[in-house]
Amino acid sequence: MRKIGSTYSKKAGLPPGDLVYTGEIDLKETEILFISYNMDNFLKKQVKSLDEIIIDHSCVNWIIFSGIPNAEEMRLIGEKYELHKLTLEDILNTSQRTKFEVYGKYKYLVTRIIHQEDPKKPLESEQLSILLKNNILITFFEQDIHIIEHLLDRISNKKGSIREKGLDYLFYALLDSIIDHYFEIISHIEDEIEKYDSKLFSEIENEEIVRVKQIRQILVVLRKNIGPFKEIFHKFSRDEYEFIEKRNLLYIHDLYDHTVHLIETIDVLKDNTSNIAEIHLSVMGNNMNEIMKVLTIISTIFIPLSFVAGLYGMNFENMPELKWNFGYFYVLIVMGLILTSMVMFFRRKKWI
């Protein structure tokens, strides 16, 4: 999990807007994919520099960066597209929380994409920065872009109505892909929690309880990343920023509903993980109490028997019972009667 303090320590003492990459992922050569489309035309090409990109103002233009550019490349991008230095700083400072900001000539949204290739391993996350300017959408991925592969397929193969709509719909489709990706992760977590919940009163192991605590930490991280989307989408649906077409507001409403559902599901799962841990501790306590009760009953039964055995184990000469012909059997009968009466007493009290 990303350590916030160590990330920000890289920028300690630097002025605002200073371009320093703070991510934990090693910088690699940035790959740039350019897509331009409308109802009738489609262009998709890999470019090595922004100079190869020709913006067609009659089309929706999407510039996709796979890998964060270095500080000098980021400075050139800022000059070309007139981006504020604080925006460039946020793109390079890859520990941002989900937020949406409006600048004079563009809008900026930053969030995190969660990966979990192995359910038993910690979550991995990367930052995604999205810029909207006129009819240009610019996205910065820290690593790969597999999360949008199906979206690229819809555009290139003219699936659905995405080619008929504008930049705001592409922006919605990208955010919808992110929310759907969160749903996939939550679905796997939900199945795992149900498995542990069904084993709660039988053979659940301590290692599985440790896993439940890890799941709860994962849910806290997911809740932190998704929570701000609720307010952002709510403002979008009320058209406060006035960049979404009226006909597309319904899709934003749907995105808001999905986000609320996602947040509520996470909250319920967090409560379930807490309940599983608490019930497990309670079951363990009850089992220990049962063991102690059995041991206590056994000890209590043998106290009077030990007294009788100890009494007649004293080697005094003047003990008439020792000379009885059937004294040994009489003592056994007395001890048996004591044992029986004590067991009957415990049963009457429902202690056994």
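The values are calculated or read from the model by the stated rules, or taken from the named source; none is laboratory data. Everything quoted here is computed from the prediction, not taken from an experiment. As a convention, Cβ positions derive from the backbone with ideal geometry for all residues, glycine included, and neighbour counts pool all protein chains shown.
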Does residue 352 fit the bill of being in contact with a Pro (Cβ under 8 Å, 6 or more places away or on another chain), closer than 28 Å to residue 290 by Cβ and not acidic (Asp, Glu)?
-> no
Which of the residues spanning the stretch 181-210 are within 30 Å of residue 132 (Cβ to Cβ) and in contact (Cβ under 8 Å) with a residue 24 or more places away in the chain?
-> 181, 182, 183, 185, 186
Under 9 Å between Cβ atoms, at least 6 apart or on separate chains: pull out the pairs that start in the stretch 142-155 with a residue that is crowded, with 18+ Cβ neighbours inside 10 Å and end on any residue that is in a helix (DSSP H, G or I) and of a type outside the set (A, V, I, L, M, F, W, C).
-> 147/177; 147/181; 148/177; 151/176; 151/177; 155/163
Candidates 218, 244, filtered to the one that is surrounded by 15 or more Cβ atoms within 10 Å (Cβ to Cβ), in contact with an Asp or Glu (Cβ under 6 Å, 6 or more places away or on another chain) and either of a type in the set (A, V, I, L, M, F, W, C) or at pLDDT below 90 (or both) = 244
Does the stretch 247-259 hold any residues that are of a type in the set (A, V, I, L, M) and exposed (fewer than 14 other Cβ atoms within 10 Å of the Cβ), and which are they?
-> 250
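Go through 272, 289 for me and flag whichever is of a type outside the set (Gly, Ala, Ser), over 24 Å from residue 352 (Cα atoms) and assigned by TED's automatic domain parsing to the domain that holds residue 220.
Every option except 272 fails the conditions.
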Of 213, 224, 230, 165, the only residue that is free of Cβ contacts under 8 Å to residues at least 40 places away in the same chain and basic (Lys, Arg) is 230
All positions within the stretch 193-212 that are at pLDDT 75 or above and among the hydrophobic types (A, V, I, L, M, F, W, C) = 193, 209, 210, 212
If you take the residues of the stretch 274-296 that are without any contact (Cβ under 8 Å) to a residue 24 or more places away in the chain and of a type in the set (S, T, N, Q), which of them is surrounded by the most Cβ atoms within 10 Å (Cβ to Cβ)?
-> 275
